[in-house]
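K.L.:
Structure incoming, see below.
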Amino acid sequence: MQRKFNLKSFNLYEYLKHQNADSFNIPFFLADRHTYKNAHVNFPFRTFAYGLGVTYTGKGDTFKIGSTDYTLKARCLTTVGPGMVCQWAGNYTAEHDTIYFTEELLEGIQANSFLHSLPFFFHGGDHVICLTDEQTKKMKSVFGLLKVLKDNKETVPGIVHALLMLANSFHSIQNDTPKNANVSRREKITHEFRRLVAQHFSKNKEVAYYADHLNITPKYLSEVLQVELGKSAKNFIDEFVMMEAKSLLKQTTMSVQEICYWIGYEDASHFAKSFKKLTKYTPSEYRKG
C-alpha cells in the first residue's frame, strides 16, 4: 500500500531545469553558483537524478546527505544518486561546476550497470572527497569541454562518461592510500552502517539491529560513529528518519498519516512527538513553514 504514494510531487532536477529555462527533453542539466540564487530550496529534498560536482572555492559550507554532514571546501568532489535525501545548510555560493543527469543520458554508450557499479552514488559511499590541485584541474577542464559542447547531443554522453571515469579513478586512489588499520576498519563499519540504515530504517530503528548485522556490540558501534560522524548510532538513525519525513512533508502531498506509515511509525502521535522533539515543530507546522 505504501508504494502507491506519489513521491515525485517536487523534483529538484526538473525544478532547477525549469528555473533556468533548460529543456526537459535533454537528460542532463549543468549548474554553477548562479543556479541556486533564486531556487530557495532550503528544506531536505529527495533526489531523482545523479549529481556530480567539483568546488573551486569555499571555506566550509555544510551539505547533509541522509543524516551525515559533509563540509564542502575548495577542491571537493561531491556525488549523489537517486533516492537520497539531501539538504544545503545556508546559502551555497561557492564557485563550482555540477552536472545532474538521468540514466537515459548514458544509454547509448553504457548499460545502467555501469552507474550502479559506482559506490559513491549510493548510500554508504564516500559522497565527498578532497582532490589535489592537479585532479581539480582535470575535472575543471572536462567540465569546460562539456560547457562548450553541451548542445551537441552526440558528444555529451562521452564527456560525462569521462567525468565519471575520472571521479572513479580519484576515489580508487584515495581508497588505495595506506591508512592506519584501525581507522580503515572504523570507516568500513561507518559505510556499511549508513548503507544498512538507508535500506532498513522504516522497519528497524534500534541500534542493536544494526550492530548485530555488523557483528559488533551496540556500544562499540556508537563509539565508532562518534569518532567518524560526531554522533551516536541512535542519533544518526533518528536524524535519518526525520530527514526522510521532512522531505516527504515538503516534497509531496502525502498526508501526515501516510508519511507516518511510510517511515515506519504505527502510531501517528508517536511520530508527531518524535518529530517535534528533534525539530521543535509538529509535522503540520513544518509543512506550512
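Read the figures in this text as sums done on the coordinates, not as results from a lab. Being a predicted model, the structure only gives us computed values, none of them experimental. Positions of Cβ are backbone-derived with ideal geometry, glycine not excepted, and every protein chain shown enters the neighbour counts.
K.L.:
Rounded to the nearest 0.05, what FRET efficiency do TYR281 and GLU107 give with R0 = 51 Å and r taken as the Cβ-Cβ distance? Could you check? Walk me through the numbers before you get to the answer.
P.N.:
Details: r = 43 Å, r/R0 = 0.84.
In this case the efficiency is close to 0.75.
K.L.:
So, one more: Please report the relative contact order for region 181-288, taking Cα pairs under 8 Å with a sequence separation of at least 6, and give it as a percent rounded to a whole number. Can you show the working numbers first?
P.N.:
Details: 86 pairs, mean separation 23.6, N = 108.
Rounded, it is 22 percent for region 181-288.
K.L.:
Amide H neighbours of GLY124 under 5 Å, at least 5 residues apart or on other chains, H built in the peptide plane: list them.
P.N.:
Counting only residues 5 or more places away or on other chains, the set is ARG195.
K.L.:
Holding the Cα-Cα limit at 30 Å, pick out from LYS59/LYS147; LYS64/LYS153; LYS137/LYS231; LYS17/LYS231; LYS137/LYS250 the pairs that are longer than that.
P.N.:
Details: LYS59/LYS147 26 Å; LYS64/LYS153 33 Å; LYS137/LYS231 35 Å; LYS17/LYS231 36 Å; LYS137/LYS250 37 Å.
Over 30 Å apart, Cα to Cα: LYS64/LYS153; LYS137/LYS231; LYS17/LYS231; LYS137/LYS250.
K.L.:
I would also like to ask the following. Given +1 on the Cβ of Lys and Arg, -1 on the Cβ of Asp and Glu, and no further charges, what dipole in debye does the chain carry about its Cα centre, rounded to the nearest 20? Let's see the in-between values first.
P.N.:
Working: 36 positive and 29 negative charges, 144 e Å.
So the dipole magnitude of the chain works out to roughly 700 debye.
K.L.:
Out of (1) 21; (2) 24; (3) 27, which label holds the value of percent of Cα pairs over 32 Å apart that was computed here?
P.N.:
Among (1) 21; (2) 24; (3) 27, the one derived from this structure is (3).
K.L.:
Quick test of the membrane-span-like rule: which DSSP H helices of the chain reach at least 20 Å along their long axis (C-alpha atoms) with mean Kyte hydropathy at least -0.5? Intermediate results must be reported in sequence, preceding the final value.
P.N.:
Numbers: long enough: 133-148 (22 Å, -0.46); 156-176 (30 Å, 0.62); 181-200 (28 Å, -1.03); 233-251 (27 Å, -0.04).
Counting only whole DSSP H runs, the qualifying helices are 133-148, 156-176, 233-251.
K.L.:
OK, next. Under a point spin-label approximation (7 Å from Cα along Cα-to-Cβ), what is the ARG185-GLU223 distance to one decimal in nm?
P.N.:
Computed distance between label sites ARG185 and GLU223 equals 1.0 nm.
K.L.:
Could you work out how much longer the chain between GLN257 and HIS161 gets when fully extended? Use 0.36 nm per residue separation minus the Cα distance between them, nm to one decimal. Spell out each step's value before the answer.
P.N.:
Values: separation 96, 0.36 × 96 = 34.56 nm, distance 4.23 nm.
Here the answer is 30.3 nm.
K.L.:
With an 8 Å Cα cut-off and a minimum separation of 6 or more residues, compute the relative contact order for region 2-176 in percent.
P.N.:
Values: 268 pairs, mean separation 37.7, N = 175.
Reported as a whole number, the value is 22 percent.
K.L.:
Name the shape class, rounded, prolate or oblate, that the alpha-carbon gyration tensor gives for region 147-280, where a ≥ b ≥ c are the square roots of its eigenvalues, rounded holds for a/c under 1.5, and otherwise prolate holds if a/b is larger than b/c and oblate otherwise. Intermediate values should be presented prior to the final figure.
P.N.:
Numbers: a/c = 2.97, a/b = 1.25, b/c = 2.37.
Here region 147-280 falls in the oblate category.
K.L.:
Pulled fully out, how much extra length does the chain show between LYS37 and LYS288, if you take 0.36 nm times their separation in residues and subtract their Cα-Cα distance?
P.N.:
88.1 nm
K.L.:
Next question, about the same structure. Taking R0 as 41 Å, what FRET efficiency do you get between HIS270 and LYS137 from their Cβ-Cβ distance, rounded to the nearest 0.05? Intermediate values should be presented prior to the final figure.
P.N.:
On the way: r = 52 Å, r/R0 = 1.27.
Efficiency, from the Cβ-Cβ distance: 0.20.
K.L.:
Using the charge dipole of the chain (Lys, Arg: +1 at Cβ; Asp, Glu: -1 at Cβ; taken about the Cα centre), state which of LEU214, LEU229, THR190 has its Cα farthest towards the positive end.
P.N.:
LEU229
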